[in-house]
1. Using 1/(1 + (r/R0)^6) with R0 = 30 angstrom and r between the beta carbons of MET5 and PHE138, what's the FRET efficiency to the nearest 0.05?
2. So how far apart, in nm, are the two label points at ALA117 and SER96 if each is 7 Å from Cα heading toward Cβ?
3. What does the accessible area per residue of the chain come to in Å², with a 1.4 Å probe and no ligands, DNA or RNA counted?
4. Going 7 Å from the Cα of ASP23 in the Cα-to-Cβ direction, what parts of the stretch 92-115 have a backbone nitrogen less than 12 Å from that spot?
5. Counting only protein heavy atoms and using a 1.4 Å probe, what share of the accessible area of the stretch 98-174 belongs to carbon plus sulfur, as a whole percent?
6. So for the chain, considering every pair of alpha-carbon atoms, how many percent are separated by more than 21 Å?
7. For MET99, which sequence-distant residues (separation of 5 or more, or a different chain) have an amide H within less than 5 Å of its own amide H, given hydrogens modelled in the peptide plane?
8. What longest range of the chain stays clear of loop-exposed GluC sites (Glu not before Pro) (DSSP non-H/G/I/E/B, at most 10 other C-beta within 10 angstrom)?
Amino acid sequence: PPFRMQGYLNQQDVMVARMGEDDEHGLALCAYGGHNGHIYGHPDAGNILLFAHGQPVLVDAGCFEETQYHNLPRIDGCSQESGAGYCAEDVCYDFSDQMASMYMNLTGLYPEKARLAGWQRSIYYNRENGTVQLLEVFDLHEKKPVEFNFITPCRVSLGENFAQIGPVRMKWEQ
């Protein structure tokens, strides 16, 4: 089947992007803004999926009703809430031949007890250098532990400020 270089489904707030048209090589990214009120009803708004050369790297574990089974943060053990009223806000995307990006505000997805003042998630796919950048900017009303979850079928090895996840290197900064 043909592969589109990029696309966006407005009603579901789903973005897909890959290296090029009809190209299964390189990275393929899917990001979901949306809401948590679908019929399957699990908290996964803001989730991302990543494939490298047609192989899964970051995946969705399926219909689990907990945020930690998705590529999403948890705040002091708090997962996202379920229901149509819990949705990503201010979702927007931008496409060019060189870049695909998506922005979303995840603040309203978490319960009040998370004491979350704000959480913005931005995803950038740079086709020129073959990288995906996930930028998390958040503010808590009080200091609480934040857990970043990434689900993968790949072998993972950790280094200083990076994880090798199959063919993909994930780096982080604070």
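The values are calculated or read from the model by the stated rules, or taken from the named source; none is laboratory data. As the structure is a prediction and not an experimental result, all values here were calculated from the model. Note: ideal-geometry Cβ built from the backbone for every residue, glycine included; neighbour counts use all protein chains shown. Protein only, heavy atoms only, side chains kept; ligands, DNA and RNA dropped before computing areas. Shrake-Rupley method; radii C 1.70, N 1.55, O 1.52, S 1.80 Å.
1. Plugging the Cβ-Cβ distance into 1/(1 + (r/R0)^6) gives 0.45.
2. Each label point lies 7 Å from its Cα, and together they span 3.3 nm.
3. Details: 9660 Å² over 174 residues.
Averaged over the residues of the chain, the accessible area is 55 Å².
4. Those under the cut-off are 97-100.
5. Here carbon and sulfur together make up 48 percent of the probe-accessible area.
6. Taking all Cα-Cα pairs of the chain, the fraction more than 21 Å apart is 48 percent.
7. ARG127
8. Counting only loop sites that pass the neighbour cut-off, the longest clear stretch is 22-127.
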